[in-house]
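S.K.: Got a structure here, written out as structure tokens. Questions coming.
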Amino acid sequence: MNKKIAIISFGFQGSSSSLVEALLREGHEVDFYNIIYTSQKKLSFESFDLPLCSLSIGLNRITDFQQDGLKRYISFSNYLGFFVVSTWGMPDGSSVIDKIKQKISSFSLQLFVQLIVRHHYDLVNVIGQNQHMLSLSVSLYQRGVNVVHSLHEIYKDHLTMDCLFPHVSTLIQHKVRINVFSRKSADDLHYLTSIDNSQLSVISFGLFTGYREYQQVNIPELDGKSGFVLYYGYILPYKGLDILYDAERILSNESLHIVIAGRGFEPILEKMRTSSRFTLINRWLSNEELVSLIRLSKYVICPYLSSSQSGVPQTVFNFGKPIIGTHIAAFDDVINEGKNGLLAEVGSASSLAEKMKMMNDGAIYNRMTEYLNTYAISEDCKQWKDIANMYIKLI
């Protein structure tokens, strides 16, 4: 029997929008609510862009699917409600203005809860890490709604791994069902809390399908380069860019160029900036630019020191490119050594250099790209079908 489902997401639209697509393909009716803050300047999300329009505070329906990342929904438009919910969020300041915004946000949150209750959804999946989204799940649960809250992160800090992400304990105390995207996250949650197995599920995600719709655009910083090694994403301490820099120095005799693309700062960037073997694109990337970088690259590299899950493989594999990752939960579950990528030891420049040298072996590299281009997409379709059915079982 077909079901009526709501997906409510703040961030993480790459996975949530593909889940919406998978549920629609299985014949279900879906309302997709994208929560944004009024301070958000761009209507660009992970794996899709929205038509340029003026959004008022509250509920705004999107009916134009002639946008990159949204065209996949056109044939399902009669079964899809696509909404942007604009809010102030939950300001945590103590000024008079912040207190006013807090009261208005609490009031608007309750109005939104009432709207969801009135729709009598068979299942509501709330996706997000902030207090606003966690409060939403608790309020829905208290109103008798069948709600599951999906968490992408368990730890407050990847590197220390000693503290639960803020407010998650509130979900556990109120008995709201929690879904995580890897077995590692489930084990970590058991380690940090006394959550009962009946309150916890593990449902992963497949490829972020919306990225496939984007075309190539020019990126000035590349200056015609292609066939490079690509790191992309936020520049953060746990991403291991200093390990990548040391690995490049080990490979001084190898033909190699590395592009570092993304917003943020780490001291190692200054050393990379002075090397002719690195190109830095140190800014926010649009979806078009990200897709263009991946298509022009030879492979993507992720020298991470920690992470429970990552959307990088689910993005990169769409374009037949292998990945060098590290032996952490984010990659151990999705990178099959020698099949769709390679795995280096965490924090080891020599191990990373060894895997980068292997990628220069034509036979090894071609075997991986052939697999990704021939089988990965069809296997992903089967995976998303199974994922959609796992959510339906939560009903």
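S.K.: Add -39500 (n - 2.57) for each DSSP H run of 4 or more in the chain, then divide by its residues: what number comes out at 222 nm, to the nearest 500 deg cm²/dmol?
M.R.: Roughly -10500 deg cm²/dmol at 222 nm, from the helical runs in the chain.
S.K.: Something else about it: Would you work out the charge dipole size for the chain about its Cα centre, treating the Cβ of every Lys and Arg as +1 and the Cβ of every Asp and Glu as -1, and quote it to the nearest 20 debye?
M.R.: The dipole magnitude comes to about 820 debye.
S.K.: Continuing with this model, one more query. Toward the positive end of the charge dipole of the chain, about the Cα centre and with charges on Cβ (Lys, Arg +1; Asp, Glu -1), which of Phe112, Val20, Ser348 goes farthest?
M.R.: The residue sitting farthest along the positive end of the dipole is Phe112.
S.K.: How much of the accessible area of the chain, probe 1.4 Å, is carbon plus sulfur, in whole percent?
M.R.: The value for the chain is 50 percent carbon and sulfur by accessible area.
S.K.: Accessible area per residue for segment 273-395 in Å², computed with a 1.4 Å probe and the full protein assembly in place, what is it?
M.R.: So segment 273-395 comes to 40 Å² accessible per residue, rounded to a whole number.
S.K.: How many percent of DSSP beta bridges within segment 47-202 run antiparallel, rounded to 5?
M.R.: Beta bridges within segment 47-202, antiparallel portion: roughly 30 percent.
S.K.: Return one number: the angle in degrees, 0 to 90 and rounded to the nearest 10, between the long axis of the Cα atoms of helix 362-371 and the longest principal axis of the Cα atoms of the chain.
M.R.: 20 degrees
S.K.: Can you list residues from other chains, or at least 5 along the same chain, whose modelled amide H is less than 5 Å from the amide H of Leu251?
M.R.: So Leu251 has HN proximity to no qualifying residue.
S.K.: Given H placed on each backbone N at 1.01 Å, which residues far from Val259 in sequence or on other chains put an amide H within less than 5 Å of it?
M.R.: Long-range HN contacts for Val259: Val229, Leu230, Tyr231, Thr279.
S.K.: With Cβ to Cβ distances under 15 Å as the rule, what net charge do the other residues near Val138 carry (K, R +1; D, E -1)?
M.R.: Residues close to Val138 contribute a combined charge of +3.
S.K.: Moving to a separate point now. How charged is the neighbourhood of Phe319? Take every other residue with its Cβ under 10 Å from the Cβ of Phe319, and add Lys/Arg as +1 and Asp/Glu as -1.
M.R.: After counting each charged neighbour, the total is +3.
S.K.: To continue, here is another question. Got a sec to turn the phi values of segment 27-35 into Karplus ³J(HN,Hα) couplings, 6.51 cos²θ - 1.76 cosθ + 1.60 with θ = phi - 60°, whole Hz, x for Gly and Pro?
M.R.: x, 8, 9, 10, 10, 10, 9, 9, 7
S.K.: Sticking with this structure for a sec: What is the sum of charges, Lys and Arg at +1 and Asp and Glu at -1, for the other residues whose Cβ falls under 10 Å from the Cβ of Ser297?
M.R.: Net local charge, Ser297 excluded: +4.
S.K.: Which order do the peptides 227-235, 214-222 come out in when sorted by mean C-beta neighbours inside 10 angstrom, highest first?
M.R.: 227-235, 214-222
S.K.: Expected output is a single nm value to one decimal: the length gained when fully extending between Arg295 and Asn360, i.e. 0.36 nm times separation in residues minus the C-alpha distance. What is it?
M.R.: 21.6 nm
S.K.: Quote the relative contact order of the chain in percent (integer), defining contacts as alpha-carbon pairs under 8 Å separated by 6+ residues.
M.R.: Result for the chain is 15 percent.
S.K.: While we're on this one: Going from the alpha-carbon gyration tensor of the chain, what semi-axes, largest first and in whole Å, does one get by taking the root of 5 times each eigenvalue?
M.R.: Semi-axis lengths for the chain are 36, 23, 22 Å.
S.K.: Tell me which residues come under 5 Å, amide H to amide H, from Gly11 once H is placed; ignore anything under 5 positions away on its chain.
M.R.: Excluding prolines and chain starts, which carry no amide H, the hits are Ile35.
The values are calculated or read from the model by the stated rules, or taken from the named source; none is laboratory data. The model shown is predicted, which means the values in this text are computed figures rather than measured ones. Every residue, glycine among them, receives a Cβ derived from its backbone with ideal geometry; neighbour counts consider all protein chains shown. The accessibility values were calculated without ligands, DNA or RNA, using every heavy atom of the protein model including side chains. Shrake-Rupley method; radii C 1.70, N 1.55, O 1.52, S 1.80 Å.
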